Amino acid sequence: MPPTINIAAYSDALVVLGTAGILVPVVSRLGFSPILGYLVAGAILGPLGLGSFIRTFPWLYWFTVGDARNVAGIAELGVVFLLFLIGIELSFQRLLTMRRYVFGLGGLQVLLTTVLFAGGAAIMGQKPAAAVILGASLSLSSTAIVLELLSRQERLTTSVGRASFSVLLAQDLAVIPILMFVSILAVGPGNSVLASLASALISAAAALSVIVVFGRLLMRPLFRLVATTHSRDLFIAAVLFVILGAGVVANEAGLSMALGAFVAGLLLAETEYRKAVETTLEPFKSLLLGIFFFTVGMEIDYREIVHEPLRLGGAVLAVIAAKTLILTPLVRAFRLSWPVAIETGLLLGPGGEFAFVGIGMAGVAGFIDPSTVTFALAVTSVTMLLTPLLSLVGRRFASLLQPLGASAAELSVLPTAGENHAIVVGYGRVGKVVCDLLKEHGIAYVAADFDAPTVTRDRRSGHDVFYGDAADPRFLEACGLSAAAGVIITIHTQNVIDEVVAHVRTRRPDILIVSRARDAAHASHLYSLGASDAVPETIEASLQLSEAALIGLGRPVGTVIASIHEKRDQIRRALQQAARQAGLHAIHSVKRSTLRRTKEEG
């Protein structure tokens, strides 16, 4: 007798995977956010959408999800991995660097918004615990949607990008106490609330202590042992073991699996295996995130929108307006401009994915009645769908606040000379990446570009870039060349690169000069002019291509990176040797010409 197979679960899983493999790529090709594509697909194809018509139209069975329980495991796994990825992307050093905005601006936003929404929920008849959960959950914004929008616009390093990222980071940190609060309230139906809370807190503290202690004692030895096998499969297995193991420990203590995974991510973020783990999970990250948003979309009840459109519309406007009105003056209070404050407020005004997690958990635990859960999630989902539109409105409104003649004013701003800083010549795509990484590593820099419209546009968007010709020695001095630690040249015009390198080396024989080069011949020429390092575009592209291919073909990440570094060093030495030989050849040619002229004159 053949084994019984749950075809319903398989068909529902096929719908989710089909969305990821077919529908979302089409949506992305049309220029829409893939995250929103998953969200809308979940709402349309889920059990509250077309899936509710399966009995009437049986053929919909193969194209919709009829029972959310069939993909509940995938949804929970998506939340677990999402919290783990947030944990591993954090580090104490990063938090310390951004502490003013994260704990100041972001912390105040979460606190004030939670108090406002919780007070409103209490006035409308919600119990204190339910009001706090609703208020805290609605105070959050969508990290995935906002960061994807800013990334596609190449604005993560602008003032709006930095402010938004700081607030989102604070909100991600706030998710943990929210989940703990819900989990603690859900533990034990004891007669005494205080006794139940105390018992739950003790269990939570014990579980987290076990995760932290065993993580610190065993995590490094475990990954060190797995790394010696040079097996990517075993490394993936070890990562999954750590994530799910921490989640199970937390779940057994009455906490959420996501909380345990978050703590495991924080512990791994402090080890030398952080980058390797991120690289290992990268192929699964987008898929798991997409599946999570698909399951979030399945909880959107379109009937709520049709049933009470005016009430829902009023609540949507109230949530966005309240969050925007709280966040805008807060951003301004942290000495950012009004255009930046207004755009940030509108961008973070909508709700976020973790409202579905927090409110959903509270609904399952019975703290919030089902009708309130349905309405709150419908409000959150509509605000999330409005995020791209609000981003566009924010940018347009911010541009209207720019004063007349701003272009001339922006181009006349002079750089402030510092000490031991880097001077970045060129602020195009390459220059922006370089500046972003310098900032991430805490290195001060002065960025300059000679394209007036680009500088004007970037300064209006909040970028710290200055207009000037780096081939002019006077402008280089204004950028603080005499006290700079290095000059990084990212422009692509060969004769200008040569001129800048020659000027810098003449004035600062000791300074580091790292320059972009067109090809190997140009790199060799730059070495002869005095560049400390030259990066040929063609060769660097071939090295990156080789690295991606080797890793994709299953070679260990560490071994591949080491071989790429060795090959890069070999090429660099060869180019430097060619430059020296060319220099010696030029010297000998001059000597021979001089000797020949001397003989002819004699």
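Laboratory data are not the source of any read-out in this text; all were calculated from the coordinates shown. Treat the numbers as computed from the prediction; the structure is a model and nothing was measured. FYI the Cβ positions are ideal-geometry reconstructions off the backbone, even for glycines, and counts take in every protein chain you see.
Write out the GluC sites (Glu not before Pro) in the range 270-374 meeting two conditions: DSSP loop, and at most 15 other Cβ atoms within 10 Å of their Cβ. Kindly include the intermediate steps, with their values, before the conclusion.
On the way: sites: GLU270, GLU272, GLU278, GLU299, GLU304, GLU343, GLU353; in loops: GLU270, GLU272, GLU299, GLU353.
Listed in order of number, the matching sites are GLU272.
For ILE564 and LEU400, the FRET efficiency from 1/(1 + (r/R0)^6), where r spans their Cβ atoms and R0 equals 51 Å, is about 0.60.
If the range 75-397 were replaced by its equivalent ellipsoid, with semi-axes equal to the square roots of 5 times the Cα gyration tensor eigenvalues, what would those be, largest first, whole Å? List each step's numbers first, then the result.
Working: eigenvalues 200, 129, 67 Å².
Rounded to whole Å, the semi-axes are 32, 25, 18.
Taking only the alpha carbons of the range 226-297, we obtain Rg and Dmax values of 13.4, 43 Å in that order.
Approximating the spin labels as points 7 Å out from Cα along Cα→Cβ, the THR538-to-VAL212 distance works out to 5.6 nm. Here the dipole of the range 238-320 is about 100 debye; that uses its Cα centre as origin and unit charges on the Cβ of Lys and Arg (positive) and Asp and Glu (negative).
If R0 is 25 Å, what FRET efficiency do you get for ALA485 and LEU545 from their C-beta distance, rounded to 0.05?
Values: r = 32 Å, r/R0 = 1.26.
Calculated value: 0.20.
Taking only the C-alpha atoms of the range 504-548, the Rg (one decimal) and the largest Cα-Cα distance, Dmax (whole number), read 12.1, 40 Å.
For the range 328-379, rounded, prolate or oblate, judged on the Cα gyration tensor with a ≥ b ≥ c (square roots of eigenvalues), a/c < 1.5 rounded, else prolate if a/b > b/c?
Working: a/c = 4.30, a/b = 3.32, b/c = 1.30.
Taking the square roots of the gyration eigenvalues as a ≥ b ≥ c, the range 328-379 is prolate.
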